[in-house]
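Chemist: One structure, pasted below without further comment.
The values are calculated or read from the model by the stated rules, or taken from the named source; none is laboratory data. Remember, predicted model here, so these are calculated numbers, not experimental data. With ideal geometry, Cβ positions are generated from the backbone for all residues, glycine too; neighbour counts draw on all protein chains shown. When the accessible area is computed, the model is the full protein with side chains, heavy atoms only, and any ligands, DNA or RNA have been set aside. Shrake-Rupley method; radii C 1.70, N 1.55, O 1.52, S 1.80 Å.
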Amino acid sequence: MDASPEVVLALYKVTFSYDGQTRVLDEISLDVFKGERVIVLGRNGSGKSTLVRILGALQSPLQGACFICGRDASTYLPGEVSRKIGVVFQNPESQIVASLVEDDVAFAPENQGYSSEEIGRRVFCALAQVGLLHKRSHLVTTLSGGEKQRLALAGALASEPDCLLLDEPTAMLDPEGRSDVAAVLSSLHEKGTTILQVTHQLEGLEKADRVLVLAQGRWAWQGAPEDFWGVAEGLGFELPPLRQLARRLRERGYPLPSVSIESVAEALGSFPLPLSRPQLVRTEADRAAAIEVEGLSCRFNPSTPLELLALNSVFARFPHSAWTSILGRTGSGKSTLVQHLNGLYPIQQGRILLDDVPLPQKGEELHRLRRKVGLVFQNPEEQLFCPTVREELAFAPNNLGFSKEEIALSVDRALEAVGLEEDFKERNPIRLSGGERRLVAIASVLSMDPSCLILDEPTAGLDAAYRKRILELLKSLKKNGKTIITVTHDLEMALEFSDRLLFLNQGRSELEGEPQAVVPLLIEKLSSRVCPDLLRVSLLLRKSRLNSPLFWRLDELLLPGL
Amino acid sequence: MSFASLSMGQYVPVASAIHALDPRAKLLALLVLMGVVFVSTSPWALACCLLLLGACIRGAGLSWRLVLSSSRPILYLALFTFVFNVVAHFFWGEALLSDALAEGTFFSLRLTILMLFALLLPLTTAPLELSDGLEALLLPFARWGVPAHECAMMIGIALRFIPLLMEEMDRIVKAQLSRGARLDQGGLLRRVMAFFPILIPLFVIIFRRADELALAMEARGYRGGKGRTRRRPLQWKKNDTRATILVMSVAVLFLSLRRWLRL
């Protein structure tokens, strides 16, 4: 036993339930060893967050025990656990206490009663570890999402804990922010920090020493990350595109010793051309525009020190029954643009044409516009307020003055469109799962039967199953003739599904058009760390085969057997 | 990202003499200066207050423009005071129009100056420092059961989260508008009812945030004011004494002038 590594965190047959009936955690046991990096995977509602609360001694288990550094968690004094375990939660906004970066990092050591010199030292070290030293005297509100999450990490590191406990730390960040946080975590791990991370994303899984899959409160699988890929789909996870491609290559008899961008590119390179089906020439040019934006500019806080040109002469075209993805970094003006399309901002400069008619600016016509252009906000489930799903779906049609029969009909239609059963009508939205509430929120806009549906980050925070469900929903809506516009950070999703891309940068529309045309230019504007794997494969492939196409979709790929 | 305008009283980190003062000194000075504005009943006295305010803004390394742009609600309130005073004096009090206008200007200006002095405090003091200062000043009253630490922490957290909640509210209002909500129609009852679709989600968000924040604070070892130390313990420096004496002398000078010259 002497040789065995030290156990930092341990659970022994832990059971937990919120209502005394359904077990969120069901006799779970776990050992986390010193210096280890463990990833716990689980779908939305699998009990992951409860697990974090129990491991961080923020919640005591109903049965079983939690051991922190060899001691029963229930024997710790209040506040003492924070010296052993640092916890970082999903939403950086609601775990930052102070308004200044330094002040926030100091919060934990202040609570632990250290001298001001020691606090100063810890704040300095913690900020250095996450690479935020240069922003130490900045206001928290001026940080980006990724920086805020790194600040939250520094706040946890300042108590110099034995173990970091992370609850979906990158779920709410854009790709750049995710890659920054992931880099910080990797460097912490290399320096010997024990990390337990709970997530539903498969991104960065290779970096873990061990993977555990939580389902219905029990371990559904555990093992090394490289073994996970074989069972991933059986456990309800969707393989990342690179893995899907690798699997298809293997099915065709190509021996792929390891899955990496290089190996996959090499394997593809050995296939005879053509790699891709000849692209059908889309008749997009003849397709009329549902919405056209011409030279739209928008200035916030004009003539104050905080003046900001959020949109700078944006030109864009959204054709009928096509799916357009709007891409760009946080703060590039994506949300401002789509809110203009819905008439939520008065037009300051430029014009917007809706079916060749200028967008109404006020009064009844503006009100009627909302019927034509439906807008689903980010995290739309947060706007739900009715006691039943039926009333929630009836809210918009009722506002627009539909008759009773029309309302009932549109409620039924919207519910059916998003694939929820009849019996959802009388249920309380608050009691539904996160994914179901997202569907209800989308249905609550669909009930107006808009001809154009705009969605701001429709899949953010959802697990693979609901993500797929929503993407299928949008695909079928498009097939039924609706114009779809999505705002997204998810480049993979945009490339896979959309007919058109619009790339905004600092309020300007820099690129617009079909993916085939836009992607080669887009790549030059993206930093390589956020470039999707498949694009990196084709970039590599083009080094050896100049005429191979840059942009192709997985399902368009023709792979002859060896 | 939201681009909501600078929310009222948001801290502006600049290196200035006033920023560097101890929050206790600033709180005391604010009390004194507000007292001075309160007793200013003549235009001359008010002009002096305006000069004082200008000096403070200059001393804080801020500009009038920035201060005014972060105090829009105050300006609306001042405008309302102006209109109300003019109406009250001219239509109901049967004063001359010129007198009514003068009266309105005077009252709205006094209110604005008063509020702007108060606004300078959060503009020049980091929220945590402000709450530390408040806690230190309230501490003597703790023996009579005043929860000094809790009050101060509450104010600090409120200052941090108000801008966030404003953003959330802005988002919910827009979301419900895009679902065809009418906030501008119908009788009083209907208008009040129209706010439920905004208030209910907002409350749900506030409660959830509060819950998450409490958990995050607990995870970082927070258990009230006991045993808590400070990264930058409040330090009363020579400059703080100087500033306090300066403010006190200005106030005494002002009061004596007022008395002798009947300003």
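Chemist: Gaussian network model of chain B, Cα springs within a sub-10 Å range: biggest mean-square fluctuation belongs to which of B:Ala25, B:Ala219, B:Ala126?
Modeler: Greatest mean-square fluctuation among the candidates belongs to B:Ala219.
Chemist: Let me ask something else about it. Carbon and sulfur atoms: what percent of the 1.4 Å accessible area of the range A:501-562 do they account for? Please report the intermediate quantities before stating the final value.
Modeler: Working: 1550 of 3050 Å².
Taking all protein chains in place, the range A:501-562 shows 51 percent carbon and sulfur surface.
Chemist: Further question on the same structure: Give me, ordered by chain and number, the residues 5 or more places off A:His138 or on other chains with an amide H under 5 Å from its own placed amide H.
Modeler: Those qualifying (amide H under 5 Å, at least 5 residues apart or on another chain) are A:Val101, A:Glu102.
Chemist: Sum -39500 (n - 2.57) across every DSSP H segment of at least 4 residues in chain A, then divide by the residue count to get the 222 nm mean residue ellipticity, nearest 500.
Modeler: Values: 18 runs with 191 residues, N = 562.
Mean residue ellipticity, 222 nm, calculated: -10000 deg cm²/dmol.
Chemist: Which order, highest average first, do A:244-251, A:41-48, B:169-176 follow once you tally other Cβ atoms within 10 Å for each residue and take the mean per peptide?
Modeler: Values: A:244-251: 16.6, A:41-48: 22.2, B:169-176: 20.6.
Averaged packing, sorted descending, gives the order A:41-48, B:169-176, A:244-251.
Chemist: Filter the trypsin sites (Lys or Arg not before Pro) in the range A:357-390 down to the DSSP loop ones having no more than 15 other Cβ atoms within 10 Å, then list what survives. Please report the intermediate quantities before stating the final value.
Modeler: On the way: sites: A:Lys362, A:Arg368, A:Arg370, A:Arg371, A:Lys372, A:Arg390; in loops: A:Lys362.
Answer by residue number: A:Lys362.
Chemist: In addition: Give the relative contact order (percent, whole number) for chain A; include only Cα pairs under 8 Å separated by 6+ residues.
Modeler: Working: 1037 pairs, mean separation 81.4, N = 562.
Across chain A, relative contact order equals 14 percent.
Chemist: Going down the table (A:Lys48/A:Lys479; A:Lys425/B:Lys174; A:Lys148/A:Lys482; A:Lys13/B:Lys226; A:Lys362/A:Lys482; A:Lys479/B:Lys174), which pairs top 31 Å between alpha carbons?
Modeler: Numbers: A:Lys48/A:Lys479 37 Å; A:Lys425/B:Lys174 25 Å; A:Lys148/A:Lys482 37 Å; A:Lys13/B:Lys226 35 Å; A:Lys362/A:Lys482 25 Å; A:Lys479/B:Lys174 29 Å.
The pairs that break the limit, which is 31 Å between Cα atoms, are A:Lys48/A:Lys479; A:Lys148/A:Lys482; A:Lys13/B:Lys226.
Chemist: Arranged from highest to lowest average of other beta-carbon atoms within 10 Å per residue, in what order do the peptides A:318-329, A:133-144 appear? Let's see the in-between values first.
Modeler: Values: A:318-329: 22.2, A:133-144: 15.8.
Ranking, from highest mean packing down: A:318-329, A:133-144.
Chemist: Computing the accessible area with a 1.4 Å probe over protein heavy atoms, can you report the carbon and sulfur percentage for the range B:149-226? Please report the intermediate quantities before stating the final value.
Modeler: Working: 2870 of 3980 Å².
Ligands and nucleic acids excluded, carbon and sulfur reach 72 percent.
Chemist: By the gyration tensor of its Cα atoms, with a ≥ b ≥ c the square roots of the eigenvalues, what is the shape of chain B: rounded for a/c under 1.5, prolate for a/b over b/c, or oblate? Don't skip to the end; give the middle numbers.
Modeler: Values: a/c = 2.16, a/b = 1.07, b/c = 2.01.
In terms of gyration-tensor shape, oblate.
Chemist: List the residues of the range A:516-531 whose backbone N lies under 16 Å from a point placed 7 Å from the Cα of A:Arg287 along the Cα-to-Cβ direction.
Modeler: Counting backbone N atoms under 16 Å from the label point, the list is A:516-518.
Chemist: Additional query: What figure, in Å² to the nearest 10, do you get for the accessible area of A:Ile430 with a 1.4 Å probe and non-protein molecules left out?
Modeler: The accessible area comes out at roughly 100 Å².
Chemist: Sticking with this one: What accessible area, in Å² to the nearest ten, does a 1.4 Å probe give for A:Ser509?
Modeler: It works out to around 30 Å².
Chemist: For helix A:533-544, report the angle its Cα long axis makes with the longest principal axis of the Cα atoms of chain A; keep it between 0 and 90° and round to the nearest 10°.
Modeler: For helix A:533-544, the angle is close to 80 degrees.
Chemist: Further question: Considering the zone a paramagnetic label at B:Ala20 would reach in this model (a point 7 Å from Cα along the Cα-to-Cβ line), which residues of the range B:103-134 have amide N under 20 Å from it?
Modeler: Taking a point 7 Å out along Cα→Cβ of B:Ala20, the residues of the range B:103-134 whose backbone N falls under 20 Å are B:121-127, B:129-130, B:133.
Chemist: Which trypsin sites (Lys or Arg not before Pro) in the range A:141-237 pass both tests, a DSSP loop state and at most 12 other beta-carbon atoms within 10 Å?
Modeler: Details: sites: A:Lys148, A:Arg150, A:Arg178, A:Lys191, A:Lys207, A:Arg210, A:Arg218; in loops: A:Lys191.
Sites meeting the loop and neighbour criteria: A:Lys191.
Chemist: If you don't mind, there's one more thing I want to ask. Can you tell me the orientation of helix A:464-479 relative to chain A, as the angle in degrees between its alpha-carbon axis and the longest Cα principal axis, to the nearest 10?
Modeler: Compared with the principal axis, the helix lies near 0 degrees.
Chemist: Separate question: Quick one: Cα convex hull volume of the range A:153-209, Å³ per residue?
Modeler: Working: hull volume 4.8 nm³, N = 57.
Spread over its residues, the Cα hull of the range A:153-209 gives 84 Å³ apiece.
Chemist: How many Cβ atoms of partner chains, on average, are near each residue of B:224-236 if near means within 10 Å of its Cβ? Please list the in-between numbers first.
Modeler: Details: counts 3, 1, 3, 5, 6, 11, 7, 17, 7, 3, 0, 1, 0.
Neighbouring Cβ atoms belonging to other protein chains average 5 per residue here.
Chemist: In terms of the Cα gyration tensor, with a ≥ b ≥ c the square roots of its eigenvalues, is the range B:52-203 rounded because a/c is under 1.5, prolate because a/b exceeds b/c, or oblate? If you can, show how the numbers build up before the last one.
Modeler: On the way: a/c = 1.86, a/b = 1.06, b/c = 1.75.
Oblate shape, in that a/c is at least 1.5 and b/c is the bigger or equal ratio.
Chemist: Would you mind telling me the antiparallel percentage of the DSSP bridges in the range A:7-238, rounded to 5? The partial results should precede the final answer.
Modeler: Numbers: 19 of 38 bridges.
Percentage antiparallel, nearest 5: 50.
Chemist: Apply 1/(1 + (r/R0)^6) to the Cβ-Cβ distance of B:Leu261 and B:Phe207, taking R0 = 45 Å, and write down the FRET efficiency to the nearest 0.05. Provide the component values of the computation, followed by the final result.
Modeler: Values: r = 57 Å, r/R0 = 1.26.
The calculated FRET efficiency here is 0.20.
Chemist: List the GluC sites (Glu not before Pro) in the range A:194-240 that DSSP assigns to loop (not H, G, I, E or B) and whose Cβ has at most 14 other Cβ atoms within 10 Å. Which are they? Working shown, then result.
Modeler: Numbers: sites: A:Glu203, A:Glu206, A:Glu226, A:Glu233, A:Glu238; in loops: A:Glu203, A:Glu238.
For GluC sites (Glu not before Pro) across the range A:194-240 that sit outside H, G, I, E and B with at most 14 neighbouring Cβ atoms in 10 Å, the list reads A:Glu203.
Chemist: By average Cβ neighbour count within 10 Å, what is the ranking of A:378-388, A:292-302 from highest down?
Modeler: Details: A:378-388: 19.6, A:292-302: 17.5.
The packing order, highest mean first, is A:378-388, A:292-302.
Chemist: How many nm is it between the label spots at A:Arg431 and B:Cys151, if each spot is 7 Å from the Cα in line with the beta carbon?
Modeler: Each label point lies 7 Å from its Cα, and together they span 4.4 nm.
Chemist: Which distance in nm do the two modelled labels at A:Glu160 and B:Arg190 give, with both placed 7 Å along the Cα-to-Cβ direction?
Modeler: 6.7
Chemist: Let's see if you can work this out: charge +1 on each Lys and Arg Cβ, -1 on each Asp and Glu Cβ, no other charges. What is the dipole magnitude of the protein assembly as shown about its Cα centre, in debye to the nearest 20?
Modeler: Details: 92 positive and 89 negative charges, 358 e Å.
Computed about the Cα centre, the dipole is about 1720 debye.
Chemist: To the nearest 500 deg cm²/dmol, what mean residue ellipticity at 222 nm is calculated for chain B from DSSP H runs of n ≥ 4 alone, each contributing -39,500 (n - 2.57), summed and divided by the residues?
Modeler: My calculation for chain B gives -23500 deg cm²/dmol from helical runs alone.
Chemist: Computed over the Cα atoms, what is the radius of gyration of chain A divided by 2.2 N^0.38 Å, N being its residue count?
Modeler: Details: Rg = 25.4 Å, N = 562, 2.2 N^0.38 = 24.4 Å.
The reported ratio for this selection is 1.04.
Chemist: Count the DSSP beta bridges whose two residues both fall in the protein assembly as shown, then state the antiparallel fraction as a percent rounded to the nearest 5.
Modeler: On the way: 40 of 76 bridges.
Looking only at bridges with both residues in the protein assembly as shown, the antiparallel portion is about 55 percent.
Chemist: Would you report the distance distribution of C-alpha pairs in the range B:149-226 as whole percents per 5 angstrom bin, up to the bin with the largest distance?
Modeler: Result returned by the calculation: 3, 13, 17, 20, 14, 11, 9, 7, 4, 2, 0.
Chemist: Partner chain Cβ atoms within 10 Å, averaged over the residues of A:88-97 - can you pull that number for me? Before the final figure, lay out the partial values.
Modeler: Details: counts 2, 5, 1, 5, 1, 8, 12, 7, 5, 12.
Partner Cβ neighbours, averaged per residue: 6.
Chemist: Give me the distance between the Cα centres of the range A:176-235 and the range A:4-47, rounded to whole Å.
Modeler: Taking the Cα centre of the range A:4-47 as reference, the centre of the range A:176-235 is 14 Å away.
Chemist: Right, something else. Is there a simple number for the mean count of other chain Cβ atoms within 10 Å of the Cβ of residues in B:8-20, and what is it? Mind dumping the intermediate values first?
Modeler: Numbers: counts 0, 0, 4, 4, 2, 6, 0, 1, 0, 0, 0, 0, 0.
Mean number of neighbouring Cβ atoms from other chains: 1.
Chemist: Sticking with the crude label model, points 7 Å out along Cα→Cβ, report the distance from B:Ile245 to A:Ser258 in nm, one decimal please.
Modeler: So the label points at B:Ile245 and A:Ser258 sit 7.3 nm apart.
Chemist: Nearest 100 Å², what total accessible surface is buried between chain B and chain A (probe 1.4 Å)?
Modeler: Details: alone 17260 and 26180 Å², together 37670 Å².
Rounded to the nearest hundred, the buried surface is 5800 Å².
Chemist: Turning to a different aspect of this structure: Given a Förster distance of 22 angstrom, what is the FRET efficiency for A:Gln348 paired with B:Val83, based on the Cβ-Cβ distance and rounded to 0.05?
Modeler: Working: r = 29 Å, r/R0 = 1.30.
E between A:Gln348 and B:Val83, to the nearest 0.05, is 0.15.
Chemist: What is the angle, in °, between the Cα long axis of helix A:116-130 and the longest principal axis of the Cα atoms in chain A? Nearest 10 is fine, range 0 to 90.
Modeler: So the inclination is approximately 50 degrees.
Chemist: Solvent-accessible area per residue for the range A:7-238 at a 1.4 Å probe radius, Å²? List each step's numbers first, then the result.
Modeler: Numbers: 8470 Å² over 232 residues.
With the other protein chains kept in place, the range A:7-238 gives 37 Å² per residue.
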